[in-house]
Amino acid sequence: FLTDSVLNFYIKYITQSIKFEPLLKEFKPELAGRVLINVCLPLLAVKESDQELWTENPIEFIRKNEDDIKAYYSKKTSTVSLILCLCEKGYLVPFFNYLNAELMKNPDWIRKDYLFLAIGLISDLVKTSDRIKPEILTLLESYFLQEYQSENNFIKYRIAWIFSKYAQ
């Protein structure tokens with residue numbers, strides 16, 4: 001029940017603290033998992049207002065999401081930084097395995113969207129990981145390609161974005 005600006009600065013604080021090696025050693029894997037799954041992923045979820053904007057004006061929705069002016073003050077942008085930082089610090093494989101397992105449970109479209117968003121966000125790290133690269137190729141060829149047939153245009157937009165992130 002924190003305001004967006006307070007939550008934004010808490011997330012920035014956590015991100016900066018795990019960049020500091022002595023504090024990273026104290027950041028246990030269980031805590032990292034809880035932060036990634038119970039804090040970061042829900043903050044990536046679309047809101048009803050996002051869905052309404054998408055329905056009424058998809059171009060404005062995309063412009064709003066790509067707006068760099070508000071990026072520093074956005075809890076979503078701070079969350080993305082935290083996810084990337086944790087994945088760079090050794091939590092990429094467990095986080096990817098969690099995302100993959102959750103996708104196989106056939107979640108609702110809102111949960112599916114933020115799982116897709118997380119998979120796209122970690123694309124640069126995944127592409128350099130020999131351990132995950134075969135799994136992401138399988139996901140792209142089977143799961144994501146099937147999801148592109150969805151009647152939900154928002155999901156189609158997210159799938160197209162994922163393919164653009166892994167296109168190289």
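The values are calculated or read from the model by the stated rules, or taken from the named source; none is laboratory data. This one's a predicted model, so the numbers in the text were calculated from it and none came from an experiment. Methodologically, a virtual Cβ is constructed for each residue, glycine included, from the backbone with ideal geometry; neighbour enumeration extends over all protein chains shown. Side chains are part of the model used for accessible areas, which takes the heavy atoms of the whole protein and leaves out ligands, DNA and RNA. Shrake-Rupley method; radii C 1.70, N 1.55, O 1.52, S 1.80 Å.
Determine, yes or no, whether P42 is over 16 Å from L84 (Cα atoms) and modelled with pLDDT of 85 or more.
The answer is no for P42.
Is there any pair with a first residue in the stretch 3-30 that is over 18 Å from Y91 (Cβ atoms) and a second that is surrounded by 11 or more Cβ atoms within 10 Å (Cβ to Cβ) and among the polar types (S, T, N, Q) whose Cβ atoms are under 7 Å apart and which are 6 or more apart or on different chains, and what are they?
N8/S74; N8/S78; K12/S78
Of all residues being β-branched (V, I, T) and part of a helix (DSSP H, G or I) in the stretch 15-58, which is most open to solvent (accessible area, probe 1.4 Å)? Just the residue, please.
Restricting to residues being β-branched (V, I, T) and part of a helix (DSSP H, G or I), the top hit is T55.
For Y114, which of the numbered conditions (1) open to solvent by 50 Å² or more (accessible area, probe 1.4 Å); (2) among the aromatic types (F, W, Y); (3) touching a residue at least 24 places away in the same chain (Cβ under 8 Å) fails to hold?
(1)
Just one of the numbered conditions (1) more than 19 Å from the chain's Cα centre (by Cα); (2) at pLDDT 90 or above is not true of V6; which one?
Failed condition: (2).
Condition test on I11, is it of a type outside the set (S, T, N, Q), touching a helix residue (DSSP H, G or I) at 6+ places or on another chain (Cβ under 8 Å) and assigned to a helix (DSSP H, G or I)?
For I11, the condition - of a type outside the set (S, T, N, Q), touching a helix residue (DSSP H, G or I) at 6+ places or on another chain (Cβ under 8 Å) and assigned to a helix (DSSP H, G or I) - is met.
(1) at pLDDT below 85; (2) of a type in the set (D, E, K, R); (3) surrounded by 15 or more Cβ atoms within 10 Å (Cβ to Cβ): which one isn't true of K12, the others all being true?
Just one mismatch for K12, condition (1).
Identify the residue in the stretch 80-111 that is under 14 Å from C40 (Cβ atoms), in contact with an Asp or Glu (Cβ under 9 Å, 6 or more places away or on another chain) and open to solvent by 10 Å² or more (accessible area, probe 1.4 Å) and, among all such residues, is modelled with the highest pLDDT.
Only one residue fits best here, namely L84.
Of all residues in the stretch 146-168, count the ones that are in contact (Cβ under 8 Å) with a residue 24 or more places away in the chain and open to solvent by 60 Å² or more (accessible area, probe 1.4 Å).
3
When the residues of the stretch 134-145 are filtered to those that are open to solvent by less than 80 Å² (accessible area, probe 1.4 Å) and not aliphatic (A, V, I, L, M), which remaining residue is nearest to P94 (Cα to Cα)?
Selected residue: E135.
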